[in-house]
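Chemist: Can you keep this structure in mind? I'll have questions shortly.
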Amino acid sequence: MDFLNYEFMQRALLAAVLVGITAPAVGIYLVQRRQALMGDGIGHVAMTGVGLGFLLSTSPVWMATAVSVLGTVLMELIRWYGRTRGDIALAMLFYGGMAGGVMLINVAGGSSANLVSYLFGSLSTVSPSDVTAICVLAAFVLLVTLGLRRQLFAVSQDEEFARVTGLPVRALNLLTAVTAAVTVTVAMRVVGLLLVSALMVVPVAAAQQLTRSFTVTFVIAVAIGVAVTVSGTITSFYQDVPPGATIVLLTIAAFMALTALAAPLARRRARAAAAAQPAGDPAECSIPAARGAGEEAGV
Amino acid sequence: MTSEPVVALRGVTAELGARPVLRGIDLTVGRGEVVALLGANGSGKSTAIRTIIGQVPASGGTVELFGTPRRSFRDWARVGYVPQRTTAAGGVPATVAEIVSSGRLSRTRFGVFRKADREAVRHALELVGLADRAKDSVAALSGGQHQRVLIARALVAEPELLIMDEPMAGVDLASQEVLARTLRQQVEVGTTVLLVLHELGPLEPLIDRAVVLRDGCVLHDGPPPQAVGQHALPGHDHVHPHAPAGAEPIRTGLLS
């Protein structure tokens, strides 16, 4: 446990735990509304924020938060108004954001090492002020994803229906997008902007191999998230490999392991269900009754 | 029948993209009435329903719910809505109870569930005969059972008005019977029902009035049309709902 003796590792681990909790907590709503790749887009846009932070010599984390929040608001507006050409507009936003970031870092005299640390994550660069920012942002993400879980579930499950229950659908969509943007910047330091999206999506995909309910999927996804970010961070310390890549590969390994586990589990559940209903589901066995009605009428 | 109508559409027009879908329709549903909206594919039935709930904006005319213009209507707990869906599932697994619970949000404050809310979920599932499947994933259900989940989700808020878009589409016969029975119980306690149907089918005895649309105009507003010939035979599966080409629709919107 000698890695705990290093202050930079203590900071990196704290950040890793918060990333492990928040990324799947937001990601589950994105997966539910079938926008799994939204996090990837936000990651690209956030790059411009990092570049601006360099150029203006302010905190890249806060600057990236501001720019990615702005970017997601723009993405939501495009989704509302630009129905037909929406995907093209989004593509321009994503790659424009990435290119802008690379350009700004270059203009600001940043090195390619800076760039790589933001794109793929780095342990030694989590500064004490980053930790403060990450804690504040993670608290916001948890407040939204847990406090409004019923509302976000309803809107992500069926937007049209949610509108008729009187929920402020647009405001909730915007809040989901902003929360996802904030999560991207929370995760940026440890996992890196290009790999953030994996941590939002893959733990949820892995958890749902085993689960039947949303609540249980949420809990297992967060557990997988924390397990892979912490173990990935520690591995990265000992093996001197990039943390972002390690974490993402571990997450995918977890997904494959759970998928392999899921097949026998599904078989056992099917057997249990068959045993509970020996006569079969009565709702599926009523064809003779319908025939009878037709015969009486002399068809 | 002195009370104001539950649903009132006057001269409503709507477009999808550049295509006019509703060309001035009038539709009123009185308290306790069961009104079926009929018509061929593309006649504007679903769009008419969706202007009522605000999913599609009406470009002209007025839409009122319980006497209040739709834009300022806030009392959504009085409305239960069953959208046209082939599945109740989303991108993440969810149990039957979780899906039905989302329909109860309009009755809660800030989404906090109390004992009465959980009781309402259980009761709604009993109404559609799925109480024993509450903890199952919706992904494990049949098409007809999906539809029953969607109807339980609409009923769980105990609405006064039930709006349903093709509740019988793709539903097996047994589920159709459960749905017809559920609807009958609702009508008996005074719920107002507006539903889009492809054909009257097993719901026919419940329906007070039928409104037939064609090309975005009201063609018929009165007693349900009687099925004739082969269509009248029990068990007839009506699969060719095409309107005759070139028939001139009656533009009732212009008369009012």
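Each reported figure results from applying straightforward, stated rules to the coordinates on display, with no laboratory input. It should be emphasised that the depicted structure is a prediction, and the values quoted were computed from it without experimental measurement. Note: ideal-geometry Cβ built from the backbone for every residue, glycine included; neighbour counts use all protein chains shown.
Chemist: Given a Förster distance of 60 Å, report the FRET efficiency between residue A:252 and residue B:209 from their Cβ-Cβ distance, rounded to the nearest 0.05.
Modeler: The calculated FRET efficiency here is 0.55.
Chemist: Hey, can you grab everything whose amide H is under 5 Å from the amide H of residue B:73? Only 5+ residues off in sequence or another chain; H modelled, so Pro and N-termini drop out.
Modeler: none
Chemist: Give the dimensionless ratio obtained when the Cα radius of gyration of segment A:166-244 is divided by 2.2 N^0.38 Å.
Modeler: That ratio works out to 1.29.
Chemist: Amide H neighbours of residue B:162 under 5 Å, at least 5 residues apart or on other chains, H built in the peptide plane: list them.
Modeler: B:80, B:192, B:193, B:194
Chemist: Here is a further query. Apply the Karplus curve 6.51 cos²θ - 1.76 cosθ + 1.60, θ = phi - 60°, to the phi angles in segment A:142-148 and return the couplings in whole Hz, x for Gly and Pro.
Modeler: Once rounded to whole Hz, the list reads 5, 4, 6, 6, 8, x, 10.
Chemist: Just to check I understand the Karplus step: with θ = phi - 60° and J = 6.51 cos²θ - 1.76 cosθ + 1.60, what whole-Hz values come out for segment B:44-59, glycine and proline as x?
Modeler: My calculation for segment B:44-59 gives x, 4, 5, 5, 4, 4, 6, 6, 5, 8, x, 6, 10, x, 7, 7 Hz in order.
Chemist: Then there's this: For A:78, B:52, A:224, A:21, what ranking results if the residue with the fewest other Cβ atoms within 10 Å of its Cβ goes first?
Modeler: Values: A:78 18, B:52 27, A:224 24, A:21 21.
Taking fewest neighbouring Cβ atoms as first place, the list is A:78, A:21, A:224, B:52.
Chemist: Next question, about the same structure. From the phi of every residue in segment A:154-159, what ³J(HN,Hα) in whole Hz does the Karplus formula 6.51 cos²θ - 1.76 cosθ + 1.60 yield, where θ is phi - 60° and glycine or proline is x?
Modeler: 4, 5, 6, 6, 7, 4
Chemist: Mind checking which of A:56, A:172, A:250 has the largest fluctuation in a GNM of chain A, springs on alpha carbons under 10 Å?
Modeler: Answer for the Gaussian network model of chain A: A:56.
Chemist: Also, I was wondering about something else. In segment B:7-254, with Lys and Arg counted as +1 and Asp and Glu as -1 at Cβ, which of these residues, B:156, B:112, B:174, has the Cα nearest the positive end of the dipole, that is, farthest along it?
Modeler: Among B:156, B:112, B:174, the one farthest towards the positive end of the dipole of segment B:7-254 is B:112.
Chemist: Would you kindly compute the Cα radius of gyration of the protein assembly as shown and its largest Cα-Cα separation (Dmax), both in Å?
Modeler: 27.3, 89
Chemist: Equivalent ellipsoid semi-axes for chain A, as square roots of 5 times the alpha carbon gyration tensor eigenvalues: give them largest first, rounded to whole Å.
Modeler: Its equivalent ellipsoid spans semi-axes of 42, 25, 15 Å.
Chemist: For segment B:7-254, what is the largest minus smallest coordinate of the Cα atoms on each principal axis, given in angstrom and ordered from greatest to least?
Modeler: Answer, in whole Å and largest first: 54, 45, 36 Å.
Chemist: For residue B:220, list long-range residues whose amide hydrogen, built 1.01 Å from N in the peptide plane, is under 5 Å from its own amide hydrogen.
Modeler: Here the answer is B:212, since their amide H atoms fall under 5 Å of that of residue B:220.
Chemist: Exposure proxy check: B:151, A:220 ranked by fewest other beta carbons within 10 Å? The partial results should precede the final answer.
Modeler: On the way: B:151 27, A:220 20.
Taking fewest neighbouring Cβ atoms as first place, the list is A:220, B:151.
Chemist: I've got another one for you. With unit charges on the beta carbon (Lys/Arg positive, Asp/Glu negative), name the residue among A:15, A:248, B:213 whose Cα is farthest towards the positive pole of the charge dipole of the protein assembly as shown.
Modeler: Checking the options against the dipole of the protein assembly as shown, the answer is A:15.
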